[in-house]
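Below is one structure, written out as structure tokens; comments come after it.
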Amino acid sequence: MNILAFESSCDETAVAVVRDGREVLSDVILSQADMHAIYGGVVPEIASRRHVEAIAGLADEALQKAKITRGEVDAVAVTYAPGLIGAVLVGVNFAKSAAYALGVPLIPVHHIRGHIAANYIAFPELEPPFLALCASGGNTLLVDVRGYTDMEIVGGTRDDAAGECFDKAARVLGLPYPGGRPIDELAQGSAGGVYDLPRARIDGAPLDMSFSGLKTAVVNLAHNAEQKGETLDRAALARDFVRAVSDELVPRTMEAARICGRKTIAAAGGVAANSILRADLVRACEKAGCRLYLPPLSLCGDNGAMIGAQGYYEYRSGAAADLSLNAFATRDIAKTAAKD
Ligand code: KG4
């Protein structure tokens, strides 16, 4: 089954063709990051307009690269939630038109389910159940993946996403947007241990996290140093910051796996590209005797292939939508578009 898949929930316009959920025939991505970098973050209106300009051309390119004709498309999948609403709407509307014109089913895909499914592309042997750590620019969740379309959130951030925290910390460190990778690289140059940054603990909710205090602490450190004319050890601050993020994510991931009775863990989302986080997860999983799946860096960030992969399993579970499908800025990962 060839699925033409669209992703436009933030600042990447991405289109892919995926066969039977696991084989990527093409995966084209147009990142707008440079365009938003001058503002220090994504400007929703600009993102939507750029998606409108790019999506049709990318769809043609994805079909050409996949070496299939329009007639060989069996279904169209699209991210319908969560994300910047104007941006998601562009993908949903284009996908509806494509499904209508081609006379094929339209499959709505939850963006975070897509991030999890990136692992199915990278690891053919991986099947649910497993515990997923999903950490991206807009979401940070611990998900018990019981089946391909049967998921439950067991923990997550109460405020900012881990990626948002990376991007804001990067800004005060004078690094470009998006800040995750530059902080990762800067942190490599120091052993850290210089700055005492907070770790959040939420009473009665051991699997929940908070990143806003950490974000504020880094911002305050940078501003105080500036006011006093002191020079920050930027590499050490980057290192101590990443350590603090990893300290939020890794122990809770392991605890969630223990509580859910899972011995398999998969990471997902842009923040899962972080080298220190990946190394910490490897160590923690070795210690706990868990099997760990870390997607390649190319599949951590937003892409269309992950939507095509998850779309296949959504279709098999009967989650096709009609042309009244709407887009949502927020949506529980446990809900399917078709059900309510
Ligand atoms: O999954 P993603 O591409 O988009 C969303 O669905 O949100 O994640 C983007 C986020 C950004 O906040 C970016 O700074 C972060 O992932 N990121 C990283 C790294 N690479 C990207 N964070 C930490 N370390 C990295 N190496």
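Are any residues in segment 215-264 among the hydroxyl-bearing types (S, T, Y), surrounded by fewer than 17 Cβ atoms within 10 Å (Cβ to Cβ) and not in a loop (DSSP other than H, G, I, E, B), and if so, which ones? Outline the logic, then answer.
Looking only at segment 215-264, we keep the residues that are among the hydroxyl-bearing types (S, T, Y), and these are 216, 231, 246, 253, 264.
Keeping just the survivors that are surrounded by fewer than 17 Cβ atoms within 10 Å (Cβ to Cβ) gives 216, 231.
Hit for segment 215-264 is T216, nothing else.
Filtering segment 265-294 down to residues that are in a loop (DSSP other than H, G, I, E, B) and within 11 Å of the ligand (Cβ to nearest atom), which residue is surrounded by the fewest Cβ atoms within 10 Å (Cβ to Cβ)?
First, pick out the residues of segment 265-294 that are in a loop (DSSP other than H, G, I, E, B): 269, 274, 289-290, 294.
Imposing the further condition that a residue be within 11 Å of the ligand (Cβ to nearest atom) reduces the set to 269, 274.
Values: G269: 29, N274: 27.
Ranking the candidates gives N274 first.
Let me confirm something: among A132, A95, A62, A99, which residue is within 17 Å of the chain's Cα centre (by Cα), crowded, with 24+ Cβ neighbours inside 10 Å and not in a loop (DSSP other than H, G, I, E, B)? If you could, list the steps in order and put the result at the bottom.
Values: A95 fails: within 17 Å of the chain's Cα centre (by Cα); A62 fails: within 17 Å of the chain's Cα centre (by Cα); A99 fails: within 17 Å of the chain's Cα centre (by Cα).
After applying the criteria, what remains is A132.
So if I check each of L25, L30, L4, which one is under 19 Å from G179 (Cα atoms) and at pLDDT 95 or above?
Values: L25 fails: under 19 Å from G179 (Cα atoms); L4 fails: under 19 Å from G179 (Cα atoms).
None of the other options fit; the residue is L30.
Take segment 161-175 and flag every residue that is near the ligand (Cβ under 10 Å from one of its atoms) and in contact with a Lys or Arg (Cβ under 6 Å, 6 or more places away or on another chain).
Within segment 161-175, C165, K168 qualify.
I'd like to check something: does segment 119-128 contain any residue that is under 21 Å from G308 (Cβ atoms), away from the ligand (no atom under 16 Å from the Cβ) and either surrounded by 24 or more Cβ atoms within 10 Å (Cβ to Cβ) or of a type in the set (G, A, S) (or both)? Lay out the reasoning, then the answer.
We begin by selecting, within segment 119-128, every residue under 21 Å from G308 (Cβ atoms); these are 119-128.
From the residues that got through so far, the ones that are away from the ligand (no atom under 16 Å from the Cβ) too are 120, 123-128.
The next check asks that each one be either surrounded by 24 or more Cβ atoms within 10 Å (Cβ to Cβ) or of a type in the set (G, A, S) (or both); those that pass are 120.
Yes, segment 119-128 contains a residue that is under 21 Å from G308 (Cβ atoms), away from the ligand (no atom under 16 Å from the Cβ) and either surrounded by 24 or more Cβ atoms within 10 Å (Cβ to Cβ) or of a type in the set (G, A, S) (or both).
With the requirement that a residue be among the hydroxyl-bearing types (S, T, Y) and at pLDDT below 90, what does segment 326-340 give you?
Of all residues in segment 326-340, those among the hydroxyl-bearing types (S, T, Y) come to 330, 336.
Correct list: T336 only.
Determine which member of the set I38, I29 is hydrophobic (A, V, I, L, M, F, W, C) and in contact (Cβ under 8 Å) with a residue 60 or more places away in the chain.
Details: I38 fails: in contact (Cβ under 8 Å) with a residue 60 or more places away in the chain.
Every option except I29 fails the conditions.
Of the residues I38, I55, I112, only one is buried (at least 21 other Cβ atoms within 10 Å of the Cβ), more than 16 Å from the ligand (Cβ to nearest atom) and either under 24 Å from Y177 (Cα atoms) or aromatic (F, W, Y) (or both); which? Steps first, please.
Numbers: I38 fails: buried (at least 21 other Cβ atoms within 10 Å of the Cβ); I112 fails: more than 16 Å from the ligand (Cβ to nearest atom).
None of the others qualify; the one that does is I55.
All but one of (1) of a type outside the set (V, I, T); (2) touching a residue at least 40 places away in the same chain (Cβ under 8 Å); (3) within 16 Å of the ligand (Cβ to nearest atom) hold for D233; state the number of the condition that does not hold.
D233 satisfies all of (1) of a type outside the set (V, I, T); (2) touching a residue at least 40 places away in the same chain (Cβ under 8 Å); (3) within 16 Å of the ligand (Cβ to nearest atom) except (3).
Does V42 count as assigned to a loop (DSSP other than H, G, I, E, B) and at negative phi?
Yes; evaluated as a whole, the condition is true for this residue.
The values are calculated or read from the model by the stated rules, or taken from the named source; none is laboratory data. Here the structure is a predicted model, which means the values were calculated and not measured. FYI the Cβ positions are ideal-geometry reconstructions off the backbone, even for glycines, and counts take in every protein chain you see.
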